Amino acid sequence: MSVEVERKFLCSADTLKTLEEIGAVCVGQRQFLDQYFDTPKFDLTLKDMWLRNRKGCWELKCPTPVDRTEETSGEQSKAAALCTRYKEITNLPEIQTRVREVVKDVCERRETSSSQEDEESWLSKINLVCFAAFTTVRRSFTLEEEGVQIDLDQADFGYHVGEIEVLVPEGGDVQSALEKIERTARKLGLTGDQRVEGKMNVYLKRNHPEHYAKLLSEHVL
Ligand code: V4E
């Protein structure tokens, strides 16, 4: 398990040129379909838990508590507020355990006698349905001196967003990741003190306004 620390940013016509100027190296382009799952009552996403299938692999992103020793100065905490941090779980049995903990009641009511769980049955048993599906074309860059990855994403519903990302192994130094991201943001000339919306934010706003409003009212988004 690792923690993904990232800052999103809006891309401009100059972003590619700037990446080149600061020495970022393009490491490839790929395309993937993301399918996100939740119960019809949004049990997972209301807990800020994001279950998805990307290219046949399951991933669960869960919130991770902020360490009180981080973000000592005002400037540091402002920079940190522009970043998100989520635990990334990719081990399917662990994902299933975590998801069941949240949707326990539903799960108990729908339990069947089968002990063998194929993909279909574990989703339907706990009443998980796909609420979002979109394809992203991603160009990835690394800035080796900082150890960060920069992704430029173009989603098929017409949203373009960049992200500066550091993966921190469990128990690793999140503060140092935040500093790397902040230095990279400065190199990219990013200004603005508002968090930039992620793809899901925009997707839900456009396609599922009820779900979006619920997440806003519960301060998840
Ligand atoms: C964590 C989260 C969601 C899951 C998707 O996360 P995101 O990093 O936006 O997607 P993507 O495709 O870049 O994943 P990667 O390839 O980096 O693993 S959907 C909504 N959230 C919460 C969230 C939030 N509250 N604020 C911001 C700015 N982003 C995400």
Looking only at the range 30-56, and only at residues there that are among the hydrophobic types (A, V, I, L, M, F, W, C) and within 12 Å of the chain's Cα centre (by Cα), the one that is nearest to the ligand (Cβ to nearest atom): TRP50
Any hit, the range 75-98, residues being over 30 Å from GLU210 (Cα atoms), in a loop (DSSP other than H, G, I, E, B) and touching a strand residue (DSSP E or B) at 6+ places or on another chain (Cβ under 9 Å): yes
Leading residue by the ranking (modelled with the highest pLDDT) among those in the range 52-82 that are among the charged types (D, E, K, R) and out of contact with any Phe, Trp or Tyr (no Cβ under 6 Å at 6 or more places or on another chain): GLU59
Filtered residues of the range 1-15 (kept if in a loop (DSSP other than H, G, I, E, B) and either within 12 Å of the ligand (Cβ to nearest atom) or touching a Cys at 6+ places or on another chain (Cβ under 7 Å) (or both)): LEU10
Checklist (1) surrounded by fewer than 16 Cβ atoms within 10 Å (Cβ to Cβ); (2) in contact (Cβ under 8 Å) with a residue 24 or more places away in the chain; (3) within 16 Å of the ligand (Cβ to nearest atom); (4) within 28 Å of GLN175 (Cβ to Cβ) applied to THR18, failing item: (3)
Considering residues of the range 124-153 that are among the polar types (S, T, N, Q) and either within 21 Å of ASN201 (Cα to Cα) or at pLDDT below 95 (or both) only, the residue nearest to the ligand (Cβ to nearest atom): THR136
Where a residue in the range 193-206 is over 13 Å from VAL220 (Cβ atoms) and at pLDDT 95 or above and its partner, wherever it lies, is within 10 Å of the ligand (Cβ to nearest atom) and of a type in the set (S, T, N, Q), with Cβ under 9 Å and at least six apart: LYS199/THR136
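The values are calculated or read from the model by the stated rules, or taken from the named source; none is laboratory data. Fair warning: this is a prediction, and the values are worked out from it, not measured in the lab. Positions of Cβ are generated from backbone atoms using ideal geometry, with glycine treated the same way; all protein chains shown enter the neighbour counts.
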